[in-house]
Amino acid sequence: MIQTKRMRNDKAIERSLEITRKRSQWADIASRLSRSKVGMFGFSIVVILLILVIFAPLFTRHDPALQDLTNKFAPPSSEHLMGTDNFGRDLWSRLLYGGRISLLIAFFSTLLSCICGLTIGSISGYFGGKLDIIINRILDVMMATVLDGVDVVRRMVEVLIAELPYVTLLLRVRGNTATERWALERRREFDRRVAELLKAAAADGDVREDIEVRLVTRLVFGMINSIVEWYKPEGQYAPADLAAITPEMVFTGIVRSRS
């Protein structure tokens, strides 16, 4: 009797697991969203805005480019829901039609970034070797031209705070296993890349030349990594404030300017 009950329970568990496996990711998202009132409220706003923007001709009566200089800066009314601008153009129409352009730009920019990212990542991961090194160096150059030192330090702090448990674990590894040795090598590789960037900046005259570059790298990383020793998410320091203060400390110090 007891064995029969156990067999039934095992079958019920297997059935529930099978249903869970068949459940799509979209169904899981929809289920979680439906249980959140705030999420449903935000989702409803997004849907309403999308409907208004996509079907803009159905919700507007005026041409967004049509000018009426005799009706400039008209207040909101039944004829012009949001009034008119300095050329007499209907603001409600311009808002909806402008939203269509913004939506198209966002869609195609996201699509293009996904295509480029997947293509480059797939090529780099499949062939590896020298090609992977070349692609990484090109990306390093691109990131170095886009981000300045303040941005790099600020984002390092932001990532450290956001992934605090994992960063803490990474800083504790000693190379006892293959995974730990791989993590240490990746960390050292990152240190070398930052040192190269600092060396190039010193050659360009952007940073001091009287301090050895590798020492600067270790001191900056040491200060940033020390955050894991004392930072607490529930503490008095907000992540945004800490991310803003740290690069200021690195690049300007704590001495008040007397000029």
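The values are calculated or read from the model by the stated rules, or taken from the named source; none is laboratory data. It should be emphasised that the depicted structure is a prediction, and the values quoted were computed from it without experimental measurement. Heads up, the Cβs are rebuilt from the backbone with ideal geometry, glycines too, and the neighbour counts pull from every protein chain shown.
Contact list please: Cβ distance under 6 Å, first residue in the range 60-82 and in contact (Cβ under 8 Å) with a residue 12 or more places away in the chain, second residue assigned to a loop (DSSP other than H, G, I, E, B) and exposed (fewer than 11 other Cβ atoms within 10 Å of the Cβ), pairs at least six apart or on different chains. Close Cβ pairs (under 6 Å, with a partner that is assigned to a loop (DSSP other than H, G, I, E, B) and exposed (fewer than 11 other Cβ atoms within 10 Å of the Cβ)) amount to 72/86.
For the range 121-130, state whether one or more residues are surrounded by 10 or more Cβ atoms within 10 Å (Cβ to Cβ) and at pLDDT 85 or above. Checked the range 121-130: no residue is surrounded by 10 or more Cβ atoms within 10 Å (Cβ to Cβ) and at pLDDT 85 or above. The C-beta contact set for the range 89-118 (first residue touching a residue at least 12 places away in the same chain (Cβ under 8 Å) and on the phi < 0 side of the Ramachandran plot, second residue surrounded by 10 or more Cβ atoms within 10 Å (Cβ to Cβ) and of a type in the set (Phe, Trp, Tyr), distance under 8 angstrom, 6+ apart or interchain) comprises 96/59. Of (1) in a helix (DSSP H, G or I); (2) in the same structural domain as residue 138 (by TED's automatic domain parsing), residue 31 satisfies all except one. Which? So residue 31 meets the others, but not (2).
If you go through the range 40-75 and pick out every residue that is within 14 Å of residue 86 (Cβ to Cβ) and under 34 Å from the mean Cα position of the chain (by Cα), you end up with 0.
Among the residues of the range 76-86, those that are exposed (fewer than 14 other Cβ atoms within 10 Å of the Cβ) and under 39 Å from the mean Cα position of the chain (by Cα) comprise 76, 86.
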